[in-house]
Amino acid sequence: MRKNIVAGNWKMNKNLQEGLTLAKELDAALKGKTLNCDVVIGTPFIHLASVATAIDLSKIGVAAQNCADKVSGAYTGEVSAEMVASTGAKYVILGHSERRAYYHETPEILKEKVLLALANGLTPIFCIGEVLSEREAGKHFEVVKSQIEASLFNLSAEDFGKIVLAYEPVWAIGTGKTATAAQAQEMHAFIRKTLAGKYGETVANDTSILYGGSANASNAKELFSNPDVDGGLIGGASLGVDKFLPIIEAF
């Protein structure tokens, strides 16, 4: 069944002590609350094990922001999906536009990362989205469809059912620009139709599709009210409980 999810992506912010404090503050803020969505926090690698033992994991899921495309071995500086899973994390963010742009992650690399994440019991939050020039050229649907096909359509219907998608218009990340609620709904509906064409209506309707791109407390309710928007992948607004909690409560 499709879930509403609000996931925070801390990116490269917060040292270990600051991150632990933030996680504990969020944990305390959610205590006793009845939530209408799953809550996930995506921390830097060094935080994972500490955060996972400091919070109520039945209330807050923990995500890594990446994992390696190799099982193990002589890959200095890399962190494997197995290592991520061993910390208590249940999710991993893959294909983020910053990873694609700055670290040249290709569809083939991402395909391997997804397979390794699934093999280790992790739920990939797989990011897709177009840059401004692609939207202005009217290629946004084509770009998003190709990103999904190239890295995910090798999966069986059963494995695809374990994926969470996050649509992030790259032109709206950290820019203060946000896709309108109508633009978000239009793309999310297109994504669901693309999934239905490959895996059928049931899988498509059961897939959670999050919106990522300058979502915040003031626009979350409008975005989440769309029938095909199942939550958000939240960047800067997830770095403080005062900004993150209202987004969670938008559901």
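Listed values, structure above:
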| item | result |
| --- | --- |
| Members of region 53-68 that are under 18 Å from the mean Cα position of the chain (by Cα) and not in a strand (DSSP E or B) | LEU57, LYS59, GLN65, ASN66, CYS67, ALA68 |
| Among the residues listed as VAL114, VAL143, the single one being assigned to a helix (DSSP H, G or I) and in contact with a Leu (Cβ under 9 Å, 6 or more places away or on another chain) | VAL114 |
| Qualifying position, being hydrophobic (A, V, I, L, M, F, W, C), in contact (Cβ under 8 Å) with a residue 60 or more places away in the chain and closer than 28 Å to GLY88 by Cβ, among VAL170, VAL164 | VAL164 |
| Evaluation of VAL51 against (1) farther than 17 Å from ALA89 by Cβ; (2) surrounded by 15 or more Cβ atoms within 10 Å (Cβ to Cβ); (3) in contact with a Ser or Thr (Cβ under 9 Å, 6 or more places away or on another chain) (one fails), failing number | (1) |
| Residue that is surrounded by the most Cβ atoms within 10 Å (Cβ to Cβ), among those in region 91-119 that are under 22 Å from THR53 (Cβ atoms) and touching a residue at least 40 places away in the same chain (Cβ under 8 Å) | ALA117 |
| Flag for THR194 being surrounded by 15 or more Cβ atoms within 10 Å (Cβ to Cβ), modelled with pLDDT under 95 and out of contact with any strand residue (DSSP E or B) (no Cβ under 7 Å at 6 or more places or on another chain) | no |
| Residue that is under 14 Å from the mean Cα position of the chain (by Cα), surrounded by fewer than 15 Cβ atoms within 10 Å (Cβ to Cβ) and part of a loop (DSSP other than H, G, I, E, B), where the choices are LYS3, LYS33, LYS11 | LYS3 |
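The values are calculated or read from the model by the stated rules, or taken from the named source; none is laboratory data. Since this is a predicted model, take the numbers as computed values, not measurements. We place every Cβ from the backbone using ideal geometry, glycine too, and count neighbours over all the protein chains shown.
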